[in-house]
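What follows is one structure encoded as structure tokens, with my remarks underneath.
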Amino acid sequence: MSSERNVKPPVFNPVTGAIRALAMDAVQKAKSGHPGAPMGMAEIAEVVWRRHLRHNPANPQWADRDRFVLSNGHGSMLLYALLHLTGYDLPIEELKNFRQLHSKTPGHPEYGYAPGVETTTGPLGQGLANAVGMAIAEKLLAEEFNRPGHGIVDHRSFVFLGDGCLMEGISHEACSLAGTLGLGKLVAFYDDNAISIDGDVEGWFTDDTPRRFEAYGWQVIRDVQGHDSDAVDAAVHEALADTTRPTLICCKTVIGAGAPNKQGGHDVHGAPLGDAEIAAVREHIGWDHPPFEIPTDIYAAWDATAAGAAREAQWNAQFEAYRAEHPALAAEFERRIAGRLPEDWNAHVTSTLQAVVAKAETIATRKASQNAIEAFAPKLPELLGGSADLAGSNLTLWSGAKGVTKDTGGNYIYYGVREFGMSAIANGISLHGGLIPYTATFLMFSEYARNALRMAALMKLRQVFVYTHDSIGLGEDGPTHQPVEQAATLRLIPNMDVWRPCDTVESAVAWAHAIERADGPSALLFSRQNLPFQTRSEAQIADIRHGGYVLSEAAGGAPRAVIIATGSEVALAMAAQKQLADAGVPVRVVSMPSTNVFDRQDASWRTAVLPAGVPRVAVEAGVTGGWYKYVGLDGAVVGLDRFGESAPAGDLFKYFGFTAEAVVEAVRAVAA
């Protein structure tokens, strides 16, 4: 195991033996899992968790704890073993229930299940990007709140990763930005075991990883013997001594170290070792205890509860001194970490909406979005903006925006052309706490970031994704840039609230709703082209928060049909309603800026807006399939089930049949 790659073998001991035993026994009991990474990283984990990680198992939410991310999340039993051994509320029964229904130990670490799990990992590379976000959050909060003699924000972000994380393109996006921003409190440990699922990685991964990260501006510590605890410890000290650059510690390891017949090969990566090999491991590493039995002296060696409580108590005392000298800052810090909005937030939203209504502007909803940011950001210093090299198009800057640099804090990140990295980094910022990130690109390019959006929804993060140029209305850039299916597929993501506002008022409400939502992300879709202001009563403005509401009631009798529309197509619905009314056909217009929010309303609201027995037509410049849920098989959808063309927006809408006349024809067909 050591000659071919010059890897020094472990000196087995009961402390690291506990990790290896728990990992192999849990995987064996579950009949599935990944024992290789936990066994191969046991020494690295022991050094980080017993010698360097500042945390308190009794309070996993302590604000100034170090963050730890297992980006190679398939090795989840490593994290579960560490949490159990160090004293978190994760009893041995939960390890016995590894990968079982409703356990706190799912196959990959999931945020919100076991205490101490900082993020959901598994899709490789995203945990690394999350850790970059956490380090950014620490940097910005330290810049904002620390004062001379009062370093209340001062913690590190540690992340474990493997070859797979580095092969994923997101690692380039996130780590390039981390180097540019000089995130000196970010320390990454590369488990260089040269194995992935298909076998030896030399057939498909021959990058010079150290030189790659040096080019990013990272400190790189090469050729660390990953099974030599003292060598790993020295590398960590070297990493922490450089506060100007993130650090990559390249650890040479053997996957599955301790399994005498399987270590070093891909068979140990993602399958139980089997009874015979587990018996061989016990003999080989000197672990003679039954499965899931840890001697008391080993528990004592790992127990971090006393040290953690002492560290937090010391920080609490420091914070009280800070409060005495800076009471307003202390109160603001506590509000932000708790995720509470300012006490006068509701009043501020009300006054903002009143101002928007008074202006009655006909502008692009991307501009309406910028106006909403301009109105809300001064009240919310926790808002942290950013765009993937499209700030001037997405209109995400505001008058108080200050770009984050290597040397300064700020409230706006220029992410560059890194949609996936941007979104996953923002997930990490949200997970850290104290900041509410919003990120932006064209709606079409949400495709680059899709899995990070899914992870935000899975973790129920307070995140705002801003997507402009939301339809064929972007015009001449053509079908490569014109979203057709994106709004529909975003709506399919569980726990994602998608808003497509039709004017300035709905845009402001969408922003307020997204900021207030603490149990999941929102995607706000805005137009490039100007959209007309719609007149509403105060009651109708309040109704926007239901996701769908009656914007214009049928005139001249009970409605013979209902037109449902979103975004730029609401104006078409209103024009069609007028033409039909002139012809003696009363119809109701329903604006549905968020189908997701509308679907959560009670049956009485949904029925009041969309009465049973009344034919329906939906209008949206996108794919039609999702709208039959609302119009029924007997209804009609004016939509677009093909890709767009390159031409001015007005020509495209006419060419593809997005006209008031087409909507009128559809209504006449269903109402006949």
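Looking only at region 538-594, count every residue that is surrounded by fewer than 23 Cβ atoms within 10 Å (Cβ to Cβ), assigned to a loop (DSSP other than H, G, I, E, B) and either at positive phi or among the acidic types (D, E) (or both) and tell me the total.
Residues that pass the stated criteria total 4.
Looking at G650, G644, G632 in this structure, which one is touching a strand residue (DSSP E or B) at 6+ places or on another chain (Cβ under 8 Å) and at pLDDT 95 or above?
Values: G650 fails: touching a strand residue (DSSP E or B) at 6+ places or on another chain (Cβ under 8 Å); G644 fails: touching a strand residue (DSSP E or B) at 6+ places or on another chain (Cβ under 8 Å).
The match here is G632.
Which is at pLDDT 95 or above and part of a loop (DSSP other than H, G, I, E, B), of F598, F658? Outline the logic, then answer.
Values: F598 fails: part of a loop (DSSP other than H, G, I, E, B).
Answer to the check: F658.
Specify which of the listed residues (T105, T119) is touching a Lys or Arg at 6+ places or on another chain (Cβ under 9 Å) and under 22 Å from T16 (Cα atoms).
Working: T119 fails: under 22 Å from T16 (Cα atoms).
Just a single option satisfies the conditions, and that option is T105.
Could you give me the residue pairs with C-beta distances under 7 Å whose first residue belongs to region 50-72 and is at pLDDT 95 or above, whose second residue is surrounded by fewer than 17 Cβ atoms within 10 Å (Cβ to Cβ) and part of a loop (DSSP other than H, G, I, E, B) wherever it lies, and which are 6+ apart or on separate chains?
Going by the 7 Å Cβ cut-off, the qualifying pairs are P60/P115; D64/D154.
Among I221, I170, which is surrounded by fewer than 24 Cβ atoms within 10 Å (Cβ to Cβ) and among the hydrophobic types (A, V, I, L, M, F, W, C)? Steps first, please.
Working: I170 fails: surrounded by fewer than 24 Cβ atoms within 10 Å (Cβ to Cβ).
None of the other options fit; the residue is I221.
If I filter region 120-141 for residues that are over 22 Å from I255 (Cβ atoms) and assigned to a loop (DSSP other than H, G, I, E, B), do I get at least one hit?
Scanning region 120-141 turns up at least one residue that is over 22 Å from I255 (Cβ atoms) and assigned to a loop (DSSP other than H, G, I, E, B).
Which of the numbered conditions does Q486 fail, given that it passes all the others? Conditions: (1) in contact (Cβ under 8 Å) with a residue 12 or more places away in the chain; (2) open to solvent by 10 Å² or more (accessible area, probe 1.4 Å); (3) on the phi < 0 side of the Ramachandran plot.
Looking at each condition in turn, Q486 falls short on (2).
Let's see how each residue does on (1) part of a helix (DSSP H, G or I); (2) surrounded by 24 or more Cβ atoms within 10 Å (Cβ to Cβ); (3) not β-branched (V, I, T):
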position	(1), (2), (3)
S423	yes, yes, yes
N427	yes, yes, yes
L431	yes, no, yes
M444	yes, no, yes
E447	yes, no, yes
A456	yes, yes, yes
V466	no, yes, no
D477	no, no, yes
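How many residues does region 548-582 hold that are over 20 Å from G657 (Cβ atoms) and more than 41 Å from the chain's Cα centre (by Cα)?
The qualifying residues number 9.
Among the residues of region 352-370, write down those that are in contact (Cβ under 8 Å) with a residue 12 or more places away in the chain, part of a helix (DSSP H, G or I) and not hydroxyl-bearing (S, T, Y).
L353, A355, V356, V357, K359, R366, K367, A368, Q370, listed by residue number.
Would you please name the residue that is farthest from A304 (Cα to Cα), looking only at residues in region 32-59 that are in a loop (DSSP other than H, G, I, E, B) and touching a strand residue (DSSP E or B) at 6+ places or on another chain (Cβ under 9 Å)? Quick ask: steps written out before the conclusion?
Start the filter on region 32-59 by keeping residues that are in a loop (DSSP other than H, G, I, E, B), which leaves 32-35, 41, 53-59.
Within this subset, residues satisfying the condition of being touching a strand residue (DSSP E or B) at 6+ places or on another chain (Cβ under 9 Å) are 41, 53, 55.
Details: M41: 20, L53: 10, H55: 8 Å.
If we take residues in region 32-59 being in a loop (DSSP other than H, G, I, E, B) and touching a strand residue (DSSP E or B) at 6+ places or on another chain (Cβ under 9 Å), then M41 is farthest from A304 (Cα to Cα).
When you scan region 605-626, do you find a residue that is within 30 Å of M444 (Cα to Cα) and in a helix (DSSP H, G or I), even just one?
Checking region 605-626: at least one residue is within 30 Å of M444 (Cα to Cα) and in a helix (DSSP H, G or I).
Inside region 628-652, can you point out the residues that are crowded, with 17+ Cβ neighbours inside 10 Å and either in a loop (DSSP other than H, G, I, E, B) or in contact with a helix residue (DSSP H, G or I) (Cβ under 7 Å, 6 or more places away or on another chain) (or both)? Walk me through it before giving the result.
Of all residues in region 628-652, those crowded, with 17+ Cβ neighbours inside 10 Å come to 630-631, 635-640, 644, 649, 652.
Result: G635, A636, V637, V638, G639, L640, G644, A649, L652.
V232 - would you say it is open to solvent by 10 Å² or more (accessible area, probe 1.4 Å), in contact with an Asp or Glu (Cβ under 8 Å, 6 or more places away or on another chain), in contact (Cβ under 8 Å) with a residue 12 or more places away in the chain and not in a loop (DSSP other than H, G, I, E, B)?
Values: open to solvent by 10 Å² or more (accessible area, probe 1.4 Å): no; in contact with an Asp or Glu (Cβ under 8 Å, 6 or more places away or on another chain): yes; in contact (Cβ under 8 Å) with a residue 12 or more places away in the chain: yes; not in a loop (DSSP other than H, G, I, E, B): yes.
For V232, the condition - open to solvent by 10 Å² or more (accessible area, probe 1.4 Å), in contact with an Asp or Glu (Cβ under 8 Å, 6 or more places away or on another chain), in contact (Cβ under 8 Å) with a residue 12 or more places away in the chain and not in a loop (DSSP other than H, G, I, E, B) - is not met.
Does region 376-388 contain any residue that is surrounded by fewer than 24 Cβ atoms within 10 Å (Cβ to Cβ), within 30 Å of A571 (Cα to Cα), out of contact with any His (no Cβ under 9 Å at 6 or more places or on another chain) and at pLDDT 95 or above?
Among the residues of region 376-388, at least one is surrounded by fewer than 24 Cβ atoms within 10 Å (Cβ to Cβ), within 30 Å of A571 (Cα to Cα), out of contact with any His (no Cβ under 9 Å at 6 or more places or on another chain) and at pLDDT 95 or above, which makes the answer yes.
Mind telling me which of the residues K8, K29 ends up being assigned to a helix (DSSP H, G or I), open to solvent by 50 Å² or more (accessible area, probe 1.4 Å), more than 16 Å from G162 (Cα to Cα) and touching a helix residue (DSSP H, G or I) at 6+ places or on another chain (Cβ under 9 Å)? If you could, list the steps in order and put the result at the bottom.
Working: K8 fails: assigned to a helix (DSSP H, G or I).
Answer to the selection: K29.
From the list G87, G73, G107, pick out the single residue that is within 23 Å of the chain's Cα centre (by Cα) and surrounded by fewer than 22 Cβ atoms within 10 Å (Cβ to Cβ). Spell out the reasoning first.
On the way: G87 fails: within 23 Å of the chain's Cα centre (by Cα); G73 fails: surrounded by fewer than 22 Cβ atoms within 10 Å (Cβ to Cβ).
Only one candidate passes the filter, namely G107.
When you go through (1) open to solvent by less than 20 Å² (accessible area, probe 1.4 Å); (2) of a type in the set (S, T, N, Q); (3) farther than 21 Å from G36 by Cβ one by one for T209, which number turns out not to apply?
(3)
What are the residues in region 396-416 that are open to solvent by 30 Å² or more (accessible area, probe 1.4 Å), in a loop (DSSP other than H, G, I, E, B) and either out of contact with any Gly (no Cβ under 7 Å at 6 or more places or on another chain) or under 24 Å from H481 (Cα atoms) (or both), if any?
Result: L397, W398, S399, G400, T405, D407, T408.
Rundown of residues vs (1) β-branched (V, I, T); (2) not in a helix (DSSP H, G or I), yes/no style:
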position	(1), (2)
R311	no, no
W315	no, no
E320	no, no
A328	no, no
T350	yes, no
A372	no, no
A375	no, no
P378	no, no
G385	no, yes
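Filter region 396-435 down to residues that are of a type in the set (V, I, T), over 11 Å from the mean Cα position of the chain (by Cα) and closer than 15 Å to A178 by Cα, then give me how many there are. Walk me through how you get there before you give the answer.
Initial filter on region 396-435 (of a type in the set (V, I, T)): 396, 404-405, 408, 413, 417, 425, 429.
Okay, now just the ones that are also over 11 Å from the mean Cα position of the chain (by Cα), so 396, 404-405, 408, 413, 417.
From what is left, the residues that are closer than 15 Å to A178 by Cα are 404-405, 408, 413, 417.
The total comes to 5.
Cβ-Cβ under 6 Å, sequence separation 6+ or interchain: first residue in region 444-463 and at positive phi, partner among the charged types (D, E, K, R) and surrounded by fewer than 20 Cβ atoms within 10 Å (Cβ to Cβ). Which pairs?
Short answer, once both residue conditions are applied: K460/D519.
Given A279, A321, A331, which one is surrounded by fewer than 17 Cβ atoms within 10 Å (Cβ to Cβ), within 22 Å of P10 (Cα to Cα) and among the aliphatic types (A, V, I, L, M)?
Only one candidate passes the filter, namely A279.
Filter region 486-512 for residues that are among the basic types (K, R) and either out of contact with any strand residue (DSSP E or B) (no Cβ under 9 Å at 6 or more places or on another chain) or assigned to a helix (DSSP H, G or I) (or both) and give the result. Break it down into steps so the answer makes sense when it comes.
Filtering region 486-512 down to residues among the basic types (K, R) leaves 491, 500.
Within region 486-512, just R491 meets the criteria.
Only residues that are open to solvent by 50 Å² or more (accessible area, probe 1.4 Å), among the hydrophobic types (A, V, I, L, M, F, W, C) and touching a Leu at 6+ places or on another chain (Cβ under 8 Å): list them for region 344-368, please.
Answer for region 344-368, where residues must be open to solvent by 50 Å² or more (accessible area, probe 1.4 Å), among the hydrophobic types (A, V, I, L, M, F, W, C) and touching a Leu at 6+ places or on another chain (Cβ under 8 Å): there is none.
For F189, are the conditions met, namely being open to solvent by less than 20 Å² (accessible area, probe 1.4 Å), farther than 25 Å from T408 by Cβ and in contact (Cβ under 8 Å) with a residue 24 or more places away in the chain?
Numbers: open to solvent by less than 20 Å² (accessible area, probe 1.4 Å): yes; farther than 25 Å from T408 by Cβ: yes; in contact (Cβ under 8 Å) with a residue 24 or more places away in the chain: yes.
Yes: the conditions hold for F189.
The values are calculated or read from the model by the stated rules, or taken from the named source; none is laboratory data. Values in this document were obtained by computation on a predicted structure and should not be read as measured data. Here the Cβ is made from the backbone with ideal geometry for all residues, glycine too, and neighbour counts use every protein chain on show. For the accessible areas, the whole protein counts, side chains as well, though only heavy atoms, and no ligand, DNA or RNA atoms are used. Shrake-Rupley method; radii C 1.70, N 1.55, O 1.52, S 1.80 Å.
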